[in-house]
Structures are given as C-alpha cells and as structure tokens.
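Written out below as structure tokens is the structure these notes cover.
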Amino acid sequence: MKALILAAGFGTRLLPHTARLPKPLFPLAGRPLIDHLIEQLKKSGVNEIMINTHHLHEMVEAHVARSSFSVPVHTRFEPVILETGGAVKNLADFWDNEPFLVINCDIITDIDLKEVYEFHRTHTHLATLVMHDHERFNTVFVDDRGFIRGFSGHPSGDRVTMDLSLRRMAFTGIHVMEPAVLDFIPEKTSVGIVEIYERMIQEGRPPMAFPITGRYWIDIGSKESYRQAVFDRMAKPAFERQLGGKAGLEITVEPLKGDGSDRVWRRLKSGNRSLILVDHGIRNREGTVEADAFIAIGTHLRKKGVPVPEIVAHDAFSGLVFLEDLGDTHLETHIRQLKNQEDAASALRRVIDIIIHMNQRGGEGFRDNFTWQTSCYDKALILEKECRYFVEAFLNGYLGLHIPFSHFADEFDLLAEKALQKGIVGFMHRDMQSRNIMVTEGRFYLIDFQGGRRGPLQYDIASLINDPYMNLPFPIRRSLSEYAALQTLKKTGVPVDHFMEGYSYLSLTRSLQILGAFGFLSKVKGKSWFESHIPAALSSLRKILAAMEEPRFPKLIMSLGKTT
C-alpha cells in the first residue's frame with residue numbers, strides 16, 4: 001500500500017507561526033507532526049510514502065532527507081499548489097495498480113488506518129472516505145447504504161439538503177482511492193478533491209463512507225486545536241511519569257489565577273494526583289523564548305539541589321510545561337499565618353539560606369544561552385529595565401508627572417555603577433518576591449525562575465526583604481540583611497561591609513523596578529490588584545533612600561516628593 005501525505009498548504013490559521021515553520025514540522029511531544037503520521041502509516045501496512053510540498057518546502061524536504069524512516073519516504077514539490085485532486089493526479093507515475101491512501105498532514109488520530117484500507121477492499125467502489133460525527137464539521141451527506149450523496153456548499157449538497165433520510169457527517173481527511181479515480185482528474189490542474197467526488201456522484205459512482213465512532217481525532221490547523229493536541233498527547237504520560245505507572249482516570253482542568261505575566265496557569269487532576277500546567281503560548285520568534293528559559297533554568301537549578309518544582313514534561317514550541325504541584329500557599333500567606341515576628345524571621349532566614357545556595361551553586365555551570373532576555377545583570381539592564389522603567393511606567397505613566405528620563409541621567413548612571421561594584425555574582429533569580437516562593441509541607445520552593453541570569457546575590461536578598469506584599473517592619477528588614485551578610489561571609493568569605501554596600505544600592509534598583517512594574521501592570525495591563533501594593537513599595541523606596549550614605553540622589557528624592 002502506498003500513501004500520500006498532503007503537506008503543501010500555507011497553514012494560514014496558524015500564522016504567524018507558520019511563516020517560520022511549516023505545519024508538518026510543528027512538534028508534538030518533541031517530534032514533528034509528519035514523523036508521527038509516517039510512523040502511523042508504517043504500522044498500518046504502508047510500504048512507501050509521498051509527501052507533496054509547497055510552502056517552506058525546503059524545510060520539509062531537508063527534514064525528510066536527514067531522517068531515517070523505516071519505509072521509503074519521498075517528497076514532490078508543487079511550484080503552484082494543486083490542491084488535493086491535483087496533487088493526486090500529479091503523482092500518477094507514483095501510484096501502482098493497488099488502492100492508495102491519502103491523508104491530511106494536520107490531523108492527529110488513533111483511527112485504525114489498516115482497518116480503513118481493508119474495508120475499502122471489501123467493496124468495488126472507487127473511493128472510501130472516513131467519516132465521523134463532529135458537529136462543527138458535519139458538512140457531508142451520507143445515505144443509509146453508506147454512499148456519500150453530497151457536500152454542503154456544492155451542487156450535490158444543494159440537491160440533497162432537504163432529504164431528511166440523509167445523515168450529516170464530517171470528513172476526517174482520510175481517503176482510500178482506486179487508481180481509476182485518476183481518470184476523473186484533469187491533467188496539470190489545481191483542483192479540489194470535492195469537485196472530483198462531485199463529478200463521480202453525478203456519473204453514478206459515489207464514494208463510500210466509512211463511519212467511525214469512539215476514536216480520537218483532531219484537526220490541528222488552528223492555534224487552539226494544535227495546543228489541545230499537544231496537551232492530549234502529553235498530559236496522560238505526564239501523570240504516568242509522576243505515578244510511576246499507568247494513569248487510567250479522566251484528567252480534569254481547573255484555571256488558576258495568574259501573575260503579572262501573560263502566561264496561563266491550570267491545575268490538572270487525575271484521581272488523587274495533580275500537576276500544574278503553565279502555558280507560555282506558541283513560540284513567536286527565533287532564538288530562546290520564555291518557555292525555553294523556564295525549562296532550561298528549572299532543569300539546571302534542580303540538578304544543583306535548588307528547591308524548585310520538578311518539570312515533569314514539556315513541549316517548548318507549543319509553550320506547554322507540566323510541573324510538580326506545590327499547592328497554593330505562597331510565602332506571603334505563610335508569613336501572615338505565623339503567630340509572631342520571630343517565627344516569621346526564622347522562616348525568612350531559611351529562605352535566605354536557599355537564596356545564597358541558589359546564587360552560588362546555581363551559578364556553577366550556568367550557561368548564557370539558558371536566558372531569554374539578557375545573559376547578565378549589567379549597567380544597560382539597570383538603566384533601561386529598572387531606572388527608565390520607573391520613570392516611564394511609574395512617574396510618568398502611572399502618576400502623570402511628565403519628567404524626562406534625561407533629568408535623572410547623572411544620578412541613574414552613578415546608581416548603576418555603584419550597584420554593580422560590590423555585587424556578589426552568581427545565579428540571580430531577579431524576581432525573588434514572596435509570591436514566587438511556595439510553602440509545601442513546611443518546605444520552601446522557588447518558582448518563576450525563567451527571568452534568571454548571572455547577577456548579584458544582594459539583588460535577590462533585597463527583593464525578598466523589601467517585598468511590598470509582605471511589607472515587613474524595618475527592624476526585621478535590618479536584622480535579615482545582617483543575617484544574609486553573615487551567612488554570605490561564611491559561605492563565600494566576602495566581608496560583611498562589602499555585602500552591605502552592594503545590598504544598599506541593589507535595594508534601590510529593585511525598588512525602582514517594582515514600582516515600574518506595578519505602574520505598568522495596573523495602568524496598562526489593567527491588573528488593578530497590583531495598585532494596592534504601590535503605597536508600601538513607595539514607602540520602602542523612600543526609606544531606602546533616606547538610609548543611604550553618600551552619594552545621595554536629590555533629583556530622585558525630589559520626584560518622590562511629588563507623589564501622594
């Protein structure tokens with residue numbers, strides 16, 4: 001049996017993603033769609049396969065050329081897309097005297113193709129179309145003898161629309177054809193297969209329907225259906241990996257409240273087990289993207305003994321990552337539930353120990369290509385992503401002060417230099433706040449590490465201690481910073497005064513970043529719950545500035561005097 005995989009289309013519904021990668025090469029659980037289909041055809045008894053190509057054909061052809069399939073796989077380029085009928089006719093020299101199978105490249109199904117082929121061999125009609133009931137796509141009319149009598153939107157469909165004895169069904173994109181079908185297709189013409197079947201119906205040679213039920217089928221031609229197909233393929237194996245055995249129960253999906261990013265979070269449940277699914281969206285550009293960084297950094301940190309959730313399964317192109325479920329208790333909630341300040345300080349000291357370990361061990365073997373934003377925390381980042389962010393998103397965007405960034409140029413330049421001079425460089429999380437720390441069975445876990453890079457330890461310590469969500473009393477903040485300095489001395493030999501000087505300036509850069517983020521998220525993104533934390537963040541910034549020794553930042557201090 002020979003088969004044709006139809007793979008020439010533009011994948012318009014999947015734009016802009018198909019502008020860079022042809023649909024047949026979209027990955028599904030780590031392998032291109034076309035590979036899954038070739039494997040399925042081979043298992044069904046197909047002994048030779050042809051793939052028609054057009055859009056980004058060089059990529060499909062190169063993939064086939066470098067792959068080692070266990071059956072011969074060929075490609076045929078169409079300079080002009082011929083549609084299904086024209087593609088079949090264009091391969092007249094490829095077909096032999098046996099029935100052949102034609103299948104769309106953008107369907108994922110567990111339909112038994114061997115059974116379909118064997119059914120076709122039981123009758124004498126020229127074509128068999130595999131049909132199922134799918135309300136959205138039920139556009140084909142089938143009579144009680146199994147013959148296809150018409151297609152909605154075509155002359156045959158217009159003739160039979162009012163015939164209530166006909167059943168409406170959906171075409172799966174799977175056909176088996178006799179070589180004689182070629183006689184109905186004109187030479188060197190772009191023609192749809194429905195037009196050919198229309199002609200066959202008119203001449204009294206209607207195709208047969210092969211109805212199927214209880215089978216998985218999905219058309220991955222849209223972004224939503226593609227991601228659904230990836231989920232369907234990966235969710236059950238992810239649970240089985242966690243269980244160490246078969247997972248037979250239904251998987252339910254519960255939405256979770258997200259954070260400041262555009263990612264979507266869900267909790268998956270199967271029996272008494274659960275996983276977290278984070279959806280980063282389909283890859284939207286070349287190079288490293290957020291999902292890549294999340295996977296690479298999370299894997300690296302876990303290998304280094306940093307308490308982060310296990311990444312159970314992932315598909316970086318679709319952006320889906322399946323994680324260990326650490327529950328719903330953030331450090332912020334945990335601290336508020338503790339009975340006294342000493343218990344809170346004790347818990348925070350434990351987290352500080354984890355941060356120091358992460359910075360030192362996580363920095364070992366950390367590779368710049370893990371990162372998706374910048375590879376390190378440097379002067380350019382401080383000036384653009386923290387200082388300018390504060391001015392444009394908070395002072396101007398949120399408060400409407402209209403102060404040019406250039407007004408602060410000398411102060412921000414000095415701040416950036418001072419912040420870097422005494423930094424203890426290792427792995428930096430860069431968003432080490434209490435909602436990115438989970439508490440599970442008395443243990444602390446760090447999450448949302450995808451923005452990590454090489455950078456100063458004191459930045460993450462300052463992020464935790466000055467976190468506006470917890471809004472710790474300043475005596476506790478001083479005590480915790482001193483504890484961090486002493487622990488760093490023990491672990492690295494860096495003097496306490498060296499640590500504290502870097503901590504002072506990095507507390508300031510982090511505070512600018514937080515206010516910029518709160519202003520942007522509440523004003524531009526419409527995430528109003530961040531606005532309630534602006535007073536605490538603003539108060540913290542003022543106190544950090546007031547506690548600093550020379551040099552002071554008079555222009556920055558004056559701008560804060562204009563806030564209410």
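What follows draws every value from the coordinates through simple rules; no lab data is involved. None of the values given here were measured: they were computed from a predicted structure. Backbone-built Cβ (ideal geometry, glycine too); neighbour counts: all protein chains shown.
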- Item | Contact order normalised by residue count of the stretch 2-219, Cα under 8 Å, 6+ apart, percent | 25 percent
- Note on the structure: Any lysines whose Cα falls less than 26 Å from that of LYS490, other than same-chain ones fewer than 8 residues away, would be LYS303, LYS304, LYS418, LYS422
- Calculate how steeply helix 223-243 sits against the longest principal axis of the alpha-carbon atoms of the chain, using the helix alpha-carbon long axis, and give the answer as 0 to 90 degrees to the nearest 10. 70 degrees
- What is the spin-label model distance, in nm, from SER70 to SER528 if the labels are put 7 Å beyond Cα along the C-beta direction? 6.0 nm
- Message: For the stretch 2-219, take every pair of Cα atoms, bin their distances at 5 Å starting from 0, and report each bin as a whole percent.
- Response: 1, 7, 15, 19, 20, 18, 12, 6, 2, 0, 0
- Please list 493-506, 424-437 highest first by mean number of surrounding beta-carbon atoms within 10 Å per residue. 424-437, 493-506
- Item | FRET efficiency for ASN471 and THR12, using Cβ-Cβ distance with R0 set to 45 Å, rounded to 0.05 | 0.35
- Sorting PHE137, GLY451, GLY150 by the position of each Cα along the dipole of the chain (Lys, Arg +1; Asp, Glu -1; all at Cβ), the one nearest the positive end of that ordering is GLY451
- Along the stretch 335-348, what does the Karplus equation 6.51 cos²θ - 1.76 cosθ + 1.60 (θ = phi - 60°) give for ³J(HN,Hα), rounded to whole Hz, x for Gly and Pro? 4, 5, 7, 6, 6, 8, 5, 5, 5, 5, 5, 4, 5, 5
- Sort largest first and round to whole Å: the equivalent ellipsoid semi-axes of the stretch 331-560, each the square root of five times a Cα gyration tensor eigenvalue. 26, 21, 18
- Message: Please list, by residue number, everything in the stretch 325-357 whose backbone N is under 14 Å from a paramagnetic label point 7 Å out along Cα→Cβ of LEU486.
- Response: 346, 349-350, 353
- Which whole-number percent gives the relative contact order of the stretch 223-324, counting Cα pairs below 8 Å spaced six or more residues apart? 26 percent
- Task: Match the structure shown to one of the listed values [x] 3, 15, 21, 18, 13, 11, 10, 6, 2, 0; [y] 3, 13, 16, 15, 13, 11, 9, 7, 6, 4, 2, 1, 0; [z] 3, 16, 25, 26, 18, 9, 2, 0, 0 of P(r) over Cα pairs in 10 Å bins from 0, in percent, computed from it, and give that label.
- Result: [x]
- Message: Placing unit charges on C-beta atoms (Lys and Arg positive, Asp and Glu negative, everything else neutral), compute the dipole magnitude of the chain about its Cα centre in debye, rounded to 20.
- Response: 1600 debye
- Message: Give the residue list of trypsin sites (Lys or Arg not before Pro) in the stretch 1-93 that are DSSP loop and have at most 15 other beta-carbon atoms within 10 angstrom.
- Response: ARG20
- Query: How high is the relative contact order of the chain, in percent, with contacts defined as C-alpha pairs under 8 Å that are six or more residues apart?
  - Reply: 11 percent
- Message: Going by average Cβ density within 10 Å per residue, which order do the peptides 213-221, 230-238 take, highest to lowest?
- Response: 230-238, 213-221
- Item | Whole-Å semi-axes of the ellipsoid equivalent to the stretch 71-184 (Cα gyration tensor, √5λ, descending) | 26, 17, 15
- Message: Report the gain in length on full extension from GLU98 to LYS339: 0.36 nm times residue separation, minus Cα-Cα distance, nm rounded to one decimal.
- Response: 78.8 nm
- For the chain, what proportion of DSSP beta bridges, expressed in % and rounded to the nearest 5, is antiparallel? 75 percent
- Query: Against the longest alpha carbon principal axis of the chain, how many degrees, from 0 to 90 and to the nearest 10, is the axis of helix 496-523 turned?
  - Reply: 50 degrees
- Taking Cα atoms, the helix 409-421 axis meets the longest principal axis of the chain at an angle in degrees (rounded to 10) of 90 degrees
- Note on the structure: Dividing the helical contributions, -39500 (n - 2.57) per DSSP H run of n ≥ 4, by the residues of the chain yields a 222 nm value, nearest 500 deg cm²/dmol, of -11500 deg cm²/dmol
